[in-house]
1. Looking at residue 250, is it more than 25 Å from the chain's Cα centre (by Cα) and over 26 Å from residue 45 (Cα atoms)?
2. Hey, can you tell me all the residues within the range 167-196 that are over 14 Å from residue 142 (Cα atoms) and under 19 Å from the mean Cα position of the chain (by Cα)?
3. For the structure I just gave you, tell me whether residue 240 is more than 28 Å from residue 42 (Cβ to Cβ), within 17 Å of the chain's Cα centre (by Cα) and not in a helix (DSSP H, G or I).
4. Quick check, is residue 198 modelled with pLDDT of 90 or more and closer than 25 Å to residue 64 by Cα?
5. Just to check your reading of the model, which residue among 212, 176, 165 is loosely packed, with under 14 Cβ neighbours inside 10 Å and outside the structural domain of residue 92 (by TED's automatic domain parsing)?
6. Where in the range 45-155 are there strands (runs of 3 or more DSSP E), lying fully within it, with 3 or more residues that are under 22 Å from the mean Cα position of the chain (by Cα) and closer than 30 Å to residue 297 by Cβ?
7. When you go through (1) under 21 Å from residue 200 (Cβ atoms); (2) buried (at least 16 other Cβ atoms within 10 Å of the Cβ); (3) touching a residue at least 60 places away in the same chain (Cβ under 8 Å) one by one for residue 120, which number turns out not to apply?
8. With the requirement that a residue be part of a helix (DSSP H, G or I) and modelled with pLDDT under 85, what does the range 162-184 give you?
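The values are calculated or read from the model by the stated rules, or taken from the named source; none is laboratory data. Everything quoted here is computed from the prediction, not taken from an experiment. Neighbour counts are summed over all protein chains in view; Cβ atoms, including those assigned to glycine, are modelled from backbone coordinates with ideal geometry.
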């Protein structure tokens, strides 16, 4: 028996239910917080989690404005109608939350990568170059997007970035147009390799034989020292990753020349599966074991789905 329901904070917006029988007793609910309805947390993480725990629970998908709100809702008491029981978010959102110290990380699901891309004529190739040009106009996403969360957490933990004034952008098309027009220098996008959003953006900045924009490095060894406190424990926030040569076309990810390949060093931050400790405390030992097994299985199928 699997039941998966999608709701907003005030109303059910869609429901997909698979019932074993019409007379089956109602299952207890898990309110699962995600960001936008079209994102990977809503389209992949929550449904795969629901598949693994659906014999014992109904999973209701609660859409929010982004990872900081998800952490806030997971920190609320059970009696609060806006409280969530489980959720998925970027780990770096913890750097922006003053209320999420008790939220429990149940699993790191998959890595997301900071894609930093600039116009071809912008002579910025790494973090050190970026810091020399505080007048750079860098585009992020909408106010609550994962891109904005990443930039805000980076700024909070590293004051060297305070001088920048990033520009919120609502769509990939808007970002591409401003880059082509020269009113924007660079953009950041936090997502998996070859995501639909990145592929769409690459097509938008394609100029035939060249691309208006090329991928650049965004890693500094000081990032490895950044940590966040989660459930009373300090955790590394960023890890170094390489976007391998050939992940994207040679126009967007050009070859490094004779002495280097086209791999790009960048920041990796994990997507994490979260729970509210006070909710878990009210589950029986048998259900805790059931949920633990569900998390293990969900992590496997989610990682497989996200690697495609």
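1. On the way: more than 25 Å from the chain's Cα centre (by Cα): yes; over 26 Å from residue 45 (Cα atoms): yes.
For residue 250, the condition - more than 25 Å from the chain's Cα centre (by Cα) and over 26 Å from residue 45 (Cα atoms) - is met.
2. Going through the range 167-196, the residues over 14 Å from residue 142 (Cα atoms) turn out to be 176-186, 191-196.
191, 192, 193, 194, 195, 196, listed by residue number.
3. Details: more than 28 Å from residue 42 (Cβ to Cβ): yes; within 17 Å of the chain's Cα centre (by Cα): yes; not in a helix (DSSP H, G or I): yes.
Here the answer is yes, as residue 240 does meet what is asked.
4. On the way: modelled with pLDDT of 90 or more: no; closer than 25 Å to residue 64 by Cα: yes.
The answer is no for residue 198.
5. Numbers: 212 fails: loosely packed, with under 14 Cβ neighbours inside 10 Å; 176 fails: loosely packed, with under 14 Cβ neighbours inside 10 Å.
None of the other options fit; the residue is 165.
6. Values: elements: 58-63, 86-90, 104-119, 138-140.
Once the strands (runs of 3 or more DSSP E) in the range 45-155 are filtered for at least 3 residues that are under 22 Å from the mean Cα position of the chain (by Cα) and closer than 30 Å to residue 297 by Cβ, what remains is 58-63, 86-90, 104-119.
7. Condition not satisfied by residue 120: (2).
8. If we filter the range 162-184 for residues that are part of a helix (DSSP H, G or I), which is where we start, we get 162-163, 172-181.
Passing the criteria: 162, 163, 172.
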